[in-house]
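Enquirer: First, the structure itself, so that you have it in front of you.
The values are calculated or read from the model by the stated rules, or taken from the named source; none is laboratory data. Keep in mind that this is a model prediction, so the values were computed, not measured. Positions of Cβ are generated from backbone atoms using ideal geometry, with glycine treated the same way; all protein chains shown enter the neighbour counts. To get the accessible areas, we keep the full protein, side chains included, count just its heavy atoms, and leave off ligands, DNA and RNA. Shrake-Rupley method; radii C 1.70, N 1.55, O 1.52, S 1.80 Å.
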Amino acid sequence: QVQLVESGGDLVQPGGSLRLSCAISGNIFKINSMSWYRHIPGKERELVATLPNGGTASYADSVKGRFTISRDPAKRTVSLQMNNLKPEDTALYYCRADDRGSRQFWGQGTQVTVSS
């Protein structure tokens, strides 16, 4: 089946940078969009960034100017470059793929912790 695997999460200092990667495998076709979400237990899951196929990226207000989403269809990966990280960015980050049939595929998540 379709599998999304995130990597790159780590413990970083405030103001630091981190690059997350999501590797896609399996029989997913006709991707409509790729997104990054983040979640803190007990809180609502938050959409961080999304990149429609053939469209322009959009970001949550809290990460605009600091995060950049990119996609490489040939390598079947989507990345999230995170700069000037803040403690409030601490969360479990998930990759999500949405296909043409409105199917949603999620990765297992990668932990990002921003702390001194």
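Enquirer: Cα-Cα over 25 Å: which of Lys30/Lys86; Lys43/Lys64; Lys43/Lys75?
Expert: Lys30/Lys86; Lys43/Lys75
Enquirer: How large is the accessible surface per residue of the chain, computed with a 1.4 Å probe and reported in Å² as a whole number?
Expert: Heavy-atom accessible area per residue stands at 55 Å².
Enquirer: Pop out the carbon and sulfur fraction of the accessible area of the chain as a percent, whole number, probe 1.4 Å.
Expert: 47
Enquirer: Another one. Relative to the Cα centre, what is the charge dipole magnitude of segment 4-68, using +1 at the beta carbon of each Lys and Arg, -1 at the beta carbon of each Asp and Glu, and rounding to the nearest 20 debye?
Expert: About 80 debye.
Enquirer: Where does each of 106-112, 9-15 land if you order them by average Cβ count within 10 Å, highest first?
Expert: 106-112, 9-15
Enquirer: First measure r as the distance between the Cβ atoms of Val2 and Ala60, then evaluate 1/(1 + (r/R0)^6) with R0 = 25 Å and state the FRET efficiency to the nearest 0.05.
Expert: Computed FRET efficiency for Val2 and Ala60 comes out at 0.50.
Enquirer: Could I ask something else about it? Compare the Cα positions of Ser62, Gly9, Gly26 along the charge dipole of the chain (+1 at Cβ of Lys, Arg; -1 at Cβ of Asp, Glu; about the Cα centre) and return the one farthest towards the positive end.
Expert: The residue sitting most towards the positive pole is Gly26.
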